[in-house]
1. About the Cα centre of the protein assembly as shown, what is the dipole size in debye to 20, counting +1 per Lys and Arg Cβ and -1 per Asp and Glu Cβ, all else neutral?
2. Measure of size requested: the Rg and Dmax of the stretch A:43-255, with Cα atoms as the atom set and Å as the unit; please supply both.
3. Looking at the square roots a ≥ b ≥ c of the eigenvalues of the Cα gyration tensor of the protein assembly as shown, which shape do they give, rounded for a/c under 1.5, prolate if a/b is larger than b/c, or oblate?
4. How big is the dipole moment of the stretch A:163-256 about its Cα centre under a simple scheme where the beta carbon of each Lys and Arg is +1, that of each Asp and Glu is -1, and everything else is neutral? Debye, nearest 20, please.
5. Which of these, B:THR79, B:THR206, B:THR197, has the largest mean-square fluctuation under a Gaussian network model of chain B (Cα springs below 10 Å)?
6. Lys/Arg Cβ at +1, Asp/Glu Cβ at -1, dipole of the protein assembly as shown taken about the Cα centre: which of B:LEU30, A:ALA132, A:PHE249 is farthest positive-ward?
7. Give the peptides A:168-176, A:209-217 in descending order of average Cβ contacts within 10 Å, highest first.
8. Per the Kirkwood formula on distinct C-alpha pairs, the Rh of the stretch B:125-180 is how many angstrom?
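Please treat every number below as a calculation from the coordinates, not as lab data. Here the structure is a predicted model, which means the values were calculated and not measured. Note that we place each Cβ from the backbone using ideal geometry, even for glycine, and neighbour counts take in every protein chain shown.
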Amino acid sequence: MKPRRFDWHARAIRVGFVLALLLFWYYLGRSGAVSAIFLPQLPRVAEKFVQILQSASFYNNLAVTLFELIVAVAIASLFGLTIGYLVGRSRYAVLVFEPLLAGIFAVPIIVFLPVFMLFFGIDIESKIAFGATYAFFPIVLNTIGGISQVDPRFITVSRSMGANEQQLFRRVLLPAALPVIVTGLRIGATIGFLAILGSEMIAGLRGLGSRVANLAEGMNTAEMFAYIVFVIILAGMLNLTLSTMQSRFAGPRNAS
Amino acid sequence: MSDAVISGARIEAEAGARAFLHRNPAVARLGLVVLALALWELAGHTVLDPNFLSPPSAIVAAMPRVLGDPGVRSALVATFVELVTAFVLAVALGLAIGLVVGLSGFARRATLPLVLLLYSIPQVTILPLFVLYFGICAGSKIAFGVSHGIFPIILNVVAGVQSVEQAHLTAARSMGASRLLTIRRVVIPHTMPSLFTGLRLAMSATLLGVLLAELYVSTGGVGYYTRIFADSFDPPATFTLVAVLALMAVVLNEAVRIAERRASFWRTHR
């Protein structure tokens, strides 16, 4: 690789762009050219942001959304890893099930949201079920991919050296498939989070998504902006955590 | 003796069937789907509460009633038009932005991180802003679809442009091609495979964006009907609506896949 030179110009343009955008927002708000309902003033949003960080309702909503996410990812992982492992072990099962699952996943699952509402109501159960369904597919597909792509020679060799099923799993299959599986878990958690936010916004009683939707309906734009900023930061943190996790599991393999 | 012959024949037939399924996993797959539908049908007549889940036969029977409603029909047609419009706009804008960003190394270094930053924002949270700015009609849904679909196009076009070999550009220039001609004859053909990957991703993203917005706005369109059907405990109607939307998604996804295969056959038959 060629040595990376620090690209001052490009970086300056990037920072300048963001600063210009913020300045533009600030002066547009001050000039009064745009109604505060459409674009709240920058200082007001900052003020609201500090306020919501001190309010109890904010932490309740945050806790609800995080709880939904954790339960949904746990359910999706349980089913996704188990089914993925069982299917991935048999070449024939892969041929039967993999296209079926990939085909279902090609349909945007969002169209089934009304069905989830019908079965599970509009409280957190439907959000968990919807998030878990969305998260399930990348997890199961990557697990099938990871397990079935383990070089069959490795399996034959370890069998011939007398490895039992448990040893085979722990010493051969798991290490070989882990990077792919962890990628699936990461994608699953990310889109599960988006699915939960989306379903909360469309119809929900609690959680960050429904809070944003409520504020939008009440034309309380400044507070809505503050919530949106927070959710974006939260998503960024989630992303960072997951990619750190992923590089810890997949790192040594990628390096070799 | 004859018993043994019969059971022998049965075993042979069973083995034959198993071998047949083994050679044709697609048949086994189809069998699973049919089995699932049959179980659903059976459960619908026995254990399921008809207020929540009706058997497939009831859904099929309800289809003419639901789709006969002119309001439902126009909502579904509107959704389809929004999907196509949003996709076309996303492709046109994404291609233009992608070429501009990709063609200059400086523009790429300066703006690509911004594009990636915007792409990493969970867009569902800014859905209310789209409704605020574009209203509750088709505008907000198309805009939200475009904002989802445009990123895969931009990123894939940029990647495609970057993959053009420097030697080809030098050759074109040395043979006297103008910048525009170079773009048309060298850069764009090189970008095609990557662009089509982008088209496929953009289609699923556009579907997500438009359908999210459709469901979010519950005062009109598909979102209104899903709410009405849920409130009036009319599951066959909900399922009909969902089935038509899913069919739309499958058709549009397939259309892009077929276009991709058509456009890229020369790569494999060269």
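1. 2500 debye
2. 20.5, 70
3. Oblate.
4. With only Lys, Arg, Asp and Glu charged at Cβ, the dipole is about 480 debye.
5. Greatest mean-square fluctuation among the candidates belongs to B:THR197.
6. Of the listed residues, the answer is A:PHE249.
7. A:209-217, A:168-176
8. Evaluated over the stretch B:125-180, this radius sits at 14.4 Å.
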